[in-house]
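Read the structure below first, then the notes.
The values are calculated or read from the model by the stated rules, or taken from the named source; none is laboratory data. Since this is a predicted model, take the numbers as computed values, not measurements. Cβ sites come from the backbone with ideal geometry, for glycine too, and all protein chains shown count toward neighbours. Side chains included, ligands, DNA and RNA excluded: accessible areas come from the protein's heavy atoms. Shrake-Rupley method; radii C 1.70, N 1.55, O 1.52, S 1.80 Å.
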Amino acid sequence: MKFAVLVFPGSNCDIDCYKAVKDTLGEPVDYVWHTATDLSDYDCIIVPGGFSYGDYLRCGAISRFAPVMNEVGKAAEQGKFVLGICNGFQILTEAGLLPGALRRNESIKFRCHDTTLKVVNNATPFTTDYAAGEEVVIPIAHGEGNYYCDEETLASLKANNQIVFTYTDNPNGSVADIAGICNERGNVVGMMPHPERAVNSLLGSEGGKQMFSSILKTWRDTHGTASVR
């Protein structure tokens, strides 16, 4: 299985994502610049956190027009796995690959600390190694992580089981305590917390490790290859 970690001007979590894949899974992974126009070699695309284009205009508002995002859209349509983390989540909403928007934290403060998440949907390709209702510790680091959608969209998210993670102690004012969602098909996930920063006990938590193992396990099951170690 081959992973791509996108890199925009201002990305700062790309190295963390790269190392999480390499160290946790041992699978091939490449950095892919925002000007790329072909992602056909990759099975999973990670859109990392950071401050792409300096968060000018609005978080993710410029990045969504980068050439590589056209290819991310194509990959999502083909059923490939797409994971947007923090700024990556913001970019995916701006690109229309996920519903809703991320607003300023209710506190108007940048929040950087561990959070406890509840796994609401463990049937996505990203969450199969979690138990439904399991609580995991994964850190956040954002100033605009307040997820918002209108009532109709929220009802649709609930009806289609698209809410993947919720906060047990909402740090930013997100609607319905939402920390992460997926598209209707389940192959695109966006979340504000950073699972790539929770893959080793030395980092304070291994709560994000199952996200990466889930991706590989699902891909191998789909492609009929050996199970993830």
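Only one of the numbered conditions (1) surrounded by 20 or more Cβ atoms within 10 Å (Cβ to Cβ); (2) touching a helix residue (DSSP H, G or I) at 6+ places or on another chain (Cβ under 6 Å); (3) on the phi < 0 side of the Ramachandran plot is not met by residue 61, and that is (1). Considering the stretch 7-46, and only residues there that are farther than 20 Å from residue 66 by Cβ and small (Gly, Ala, Ser), the residue that is surrounded by the most Cβ atoms within 10 Å (Cβ to Cβ) turns out to be 20. For beta carbons closer than 8 Å, sequence separation of 6+ or different chains, a first residue in the stretch 1-30 that is under 20 Å from residue 129 (Cα atoms) and a second that is at pLDDT 95 or above and among the polar types (S, T, N, Q), the qualifying pairs are 24/213; 25/213.
Any residue at all in the stretch 140-151 that is among the small types (Gly, Ala, Ser) and surrounded by 20 or more Cβ atoms within 10 Å (Cβ to Cβ)? Taking every residue of the stretch 140-151 in turn, at least one turns out to be among the small types (Gly, Ala, Ser) and surrounded by 20 or more Cβ atoms within 10 Å (Cβ to Cβ).
In contact with a strand residue (DSSP E or B) (Cβ under 6 Å, 6 or more places away or on another chain), open to solvent by 20 Å² or more (accessible area, probe 1.4 Å), of a type in the set (Ser, Thr, Tyr) and free of Cβ contacts under 8 Å to residues at least 60 places away in the same chain: does that describe residue 167? It is false that residue 167 is in contact with a strand residue (DSSP E or B) (Cβ under 6 Å, 6 or more places away or on another chain), open to solvent by 20 Å² or more (accessible area, probe 1.4 Å), of a type in the set (Ser, Thr, Tyr) and free of Cβ contacts under 8 Å to residues at least 60 places away in the same chain.
All conditions but one from (1) free of Cβ contacts under 8 Å to residues at least 60 places away in the same chain; (2) open to solvent by less than 80 Å² (accessible area, probe 1.4 Å) apply to residue 86; the one that does not is (1).
Looking only at residues in the stretch 95-106 that are assigned to a strand (DSSP E or B) and among the hydrophobic types (A, V, I, L, M, F, W, C), which one is most open to solvent (accessible area, probe 1.4 Å)? The residue in question is 101.
For the stretch 14-94, which strands (runs of 3 or more DSSP E) that fit wholly inside it have 1 or more residues that are acidic (Asp, Glu)?
Here the list reads 29-33.
If the condition is being closer than 12 Å to residue 20 by Cβ and small (Gly, Ala, Ser), then the stretch 208-225 contributes 208, 213.
As a summary of the residue check, residue 200 satisfies the conditions (1) polar (S, T, N, Q); (2) touching a residue at least 40 places away in the same chain (Cβ under 8 Å); (3) farther than 24 Å from residue 48 by Cβ except for the one numbered (3). Which one of these does residue 81 not meet: (1) touching a Pro at 6+ places or on another chain (Cβ under 6 Å); (2) more than 17 Å from residue 189 (Cα to Cα); (3) among the aromatic types (Phe, Trp, Tyr)? Looking at each condition in turn, residue 81 falls short on (2). Here is a check on your reading of the model: is residue 175 surrounded by 15 or more Cβ atoms within 10 Å (Cβ to Cβ), β-branched (Val, Ile, Thr) and over 17 Å from the mean Cα position of the chain (by Cα)? Taking the combined requirement at face value, the residue satisfies it.
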